[in-house]
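Visitor: Before anything else, here's the structure in question.
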Amino acid sequence: MTPQASDLSTLGHRIRHFRTEHNLTLDELGERVDLAGSQLSLIENGKREPKLSTLQAIATALGVALTDLLSAEAPNPRAALEIELRRFQQSSLYTELGLPSIKPTKGMSDDALAALVGLHRELQRKATEAIATPEEARRANTELREMMRERDNYLSDIEDLAEDRLRAAGHVRGALTHRTVSIMAEQLGLSLIYVNDLPHSARSVTDLANGRIYLPPASIPGGHGLRSMALQAMAHRLLGHTRPTSYAAFLQQRLEINYFAACCLMPQKAAVDFLTQAKRERNLAVEDFRDAFGVTHEAAALRLTNLATRHLDMPFHFLRVGEDGSLAKGYENDNLPLPVDVTGAIEGQLVCRKWSARSAFERTNRTTELYQYTDTPAGTFWCATQTGTTSAGEFSISVGVPFNQAKWFRGRETTRRATSTCPDPSCCRRPPSTLAERWRDNAWPSARLHAHVLAPLPSGTFPGVDDSEVYTFLERHSTE
């Protein structure tokens, strides 16, 4: 490791720490390494980067290994506070205030120094909190999605960690039971407690002091929810998460705990064996994968995105779409042309009406998946879509692959086919000219407020209103 790889401030504190341990003055140490005391002072104060040969001479004179000088750890708690204070005072957030910097002296107490650092931390927290706007959230979410696309939505370290924890808990095969989840918690020194008074903003609360994970009793009847929430709470500890300092860090942690829970509920080896056999039989289906592991349709579809590319050698896409056509979640590494805004964000964007993710809402019988081929400007894609309902309304879950990969899936023989030219507005967003002419001056809809924090307002004559949808609605009802 070179001096450039080590923070100069930490390096200076470590040199000072070992020098004072040997009761040497700056001049005395400088004489031993052929360096003026004033020059050595600059190094100790983090204002000068020393040559590697100088560092080696200092290490030899102090009787320590070079790696001890270059360690990234502060030599003691006091030094850690001094380093943190210096970094805060060098930040743009502080320098923009135009306030003088304070240099800790020997006479400054540890409590006074800790108070100064605490004030800076709070200043940083409030500034970070202030920029967590919808725009910041969309940017962070876009960057995270692009990062996961580069990795094929696959995190090998978390896969391995989940396998280790399952093995330690004695899980061998089949769906993960509540009992096994409890054993996994006990092995971490935690117990699962169900209470009625969880804060509304929290899905679970972990009491690290007393070793408890508090969960809502509504999950007790079973299913996917309780196990998933408990596993996510454990993941924070297993993955060494600390309090997030930005919205991007918060999203990264959410992704990682959800990924860990999915790895435990649908373990890699068992899941890959199941999917490989289904592919061999040309009978891949999300519903079978879902039922084999006792999870939700959405969880099974998302887990497919983790494993399909790395283990089944196929690109894949996943969509969760609301009844209004807006995209809530999306992933693709098969070049499906997802709708995006100017920043590259997909959340809240309207999916083409001709995609099965939206046309599935028009079906009367929704108990089975809808299979469809869709021709797009990027090629032809096969999709399987299942609809569902929550208290917030209807939604659809879609998974799909390029045309040449459809041969491995149940439903490949469907004759249902559509053509989408989106993002060309004439595809499904711009009303036919005759319809627009008839209703443009005779329609006055009242827009519904978009509740999704990441959702932009659809463009139209009225902000937040889809003209084509409104005009079609009026045309249909005016003839009744």
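The values are calculated or read from the model by the stated rules, or taken from the named source; none is laboratory data. Keep in mind it's a predicted model, so treat the numbers as computed, not measured. Methodologically, a virtual Cβ is constructed for each residue, glycine included, from the backbone with ideal geometry; neighbour enumeration extends over all protein chains shown. We work out accessible area using only protein heavy atoms, side chains counted, and drop any ligands, DNA or RNA first. Shrake-Rupley method; radii C 1.70, N 1.55, O 1.52, S 1.80 Å.
Visitor: For segment 192-325, what is the charge dipole size about the Cα centre, in debye to the nearest 20, if Lys and Arg each add +1 at the Cβ and Asp and Glu each add -1 at the Cβ?
Guide: Dipole magnitude for segment 192-325 comes out near 400 debye.
Visitor: Would segment 52-168 count as rounded, prolate or oblate if I go by the C-alpha gyration tensor, calling it rounded below 1.5 in a/c and otherwise prolate when a/b exceeds b/c, oblate otherwise?
Guide: Oblate, because a/c is 1.5 or more while a/b does not exceed b/c.
Visitor: Give the cross-link partners of LYS106 among the aspartates and glutamates, using a straight C-alpha distance below 16 Å as the criterion and excluding same-chain residues fewer than 8 apart.
Guide: Answer for LYS106, where 16 Å is the Cα cut-off: GLU21, GLU44, GLU82, listed by chain and number.
Visitor: Oh, and also: Pop out the carbon and sulfur fraction of the accessible area of segment 59-206 as a percent, whole number, probe 1.4 Å. If you can, show how the numbers build up before the last one.
Guide: Values: 4730 of 8930 Å².
Using a 1.4 Å probe with all protein chains present, segment 59-206 comes out at 53 percent carbon and sulfur.
Visitor: Okay, next question. I'd like the Karplus ³J(HN,Hα) series for segment 333-345: coefficients 6.51, -1.76, 1.60, θ = phi - 60°, whole numbers in Hz, and an x wherever there's a Gly or Pro.
Guide: 10, 10, 6, 4, x, 5, x, 9, 8, 5, 8, x, 6
Visitor: What percentage of the solvent-accessible surface of segment 246-338, computed with a 1.4 Å probe over protein heavy atoms, is contributed by carbon and sulfur atoms?
Guide: The C+S portion of the solvent-accessible surface of segment 246-338 is 49 percent.
Visitor: Still on this structure, please answer the following. Can you give the accessible area per residue of segment 88-187, in Å², using a 1.4 Å probe?
Guide: Per residue, segment 88-187 has 62 Å² of solvent-accessible surface.
Visitor: Follow-up. Going highest first, how would you order 294-305, 268-279, 111-122, 390-401 by mean Cβ packing within 10 Å? Spell out each step's value before the answer.
Guide: Details: 294-305: 21.6, 268-279: 16.9, 111-122: 14.0, 390-401: 18.7.
Top of the packing list down: 294-305, 390-401, 268-279, 111-122.
Visitor: Below 28 Å, Cα to Cα, which lysines can LYS103 reach? Residues fewer than 8 away in the same chain don't count.
Guide: Within the straight-line limit of under 28 Å, LYS103 reaches these lysines: LYS47, LYS51, LYS126.
Visitor: Also, quick follow-up: Please list 323-330, 90-97 highest first by mean number of surrounding beta-carbon atoms within 10 Å per residue.
Guide: With the highest mean Cβ count within 10 Å placed first, the list reads 323-330, 90-97.
Visitor: Could you tell me which residue out of GLN39, ASN76, TRP444 lies farthest along the dipole of the chain toward its positive end? Charges go on the beta carbon: Lys and Arg +1, Asp and Glu -1, centred on the Cα centre.
Guide: The residue sitting most towards the positive pole is TRP444.
Visitor: Still on this model: Let me have the relative contact order for the chain, percent, based on Cα pairs under 8 Å that are six or more residues apart.
Guide: 10
Visitor: From the phi of every residue in segment 245-251, what ³J(HN,Hα) in whole Hz does the Karplus formula 6.51 cos²θ - 1.76 cosθ + 1.60 yield, where θ is phi - 60° and glycine or proline is x?
Guide: Here the 3J(HN,Hα) series is 9, 7, 5, 4, 5, 4, 5 Hz.
Visitor: Okay, moving on. Once you keep just the Cα pairs under 8 angstrom separated by 6 or more residues, what percentage relative contact order results for segment 267-370?
Guide: That works out to 15 percent.
Visitor: What are the lysines whose alpha-carbon lies under 20 Å from the alpha-carbon of LYS279, with same-chain residues fewer than 8 places away excluded?
Guide: LYS269, LYS407
Visitor: Could you give me the ³J(HN,Hα) list for segment 257-273, computed from phi with Karplus coefficients 6.51, -1.76, 1.60 and θ = phi - 60°, whole Hz, x at Gly and Pro?
Guide: Running phi through 6.51 cos²θ - 1.76 cosθ + 1.60 with θ = phi - 60° gives 6, 5, 5, 4, 4, 5, 5, 7, 6, 10, x, 3, 4, 5, 5, 5, 4 Hz.
Visitor: Where only protein heavy atoms count, and the probe is 1.4 Å, what is the accessible area per residue for segment 333-408 in Å²?
Guide: About 39 Å² of surface per residue is accessible.
Visitor: Taking only protein heavy atoms into account and a 1.4 Å probe, give the accessible area per residue of segment 219-332 in Å².
Guide: Counting only protein heavy atoms, the per-residue value for segment 219-332 is 38 Å².
Visitor: While we're looking at this one, here's another question. Using alpha-carbon pairs under 8 Å, 6+ residues apart, how would you state the relative contact order of segment 220-291 in percent? If you can, show how the numbers build up before the last one.
Guide: Details: 29 pairs, mean separation 22.8, N = 72.
Relative contact order of segment 220-291: 32 percent.
Visitor: Using a 1.4 angstrom probe on heavy atoms only, work out the carbon and sulfur share of the accessible area of segment 398-441 in %.
Guide: Carbon and sulfur together cover 50 percent of it.
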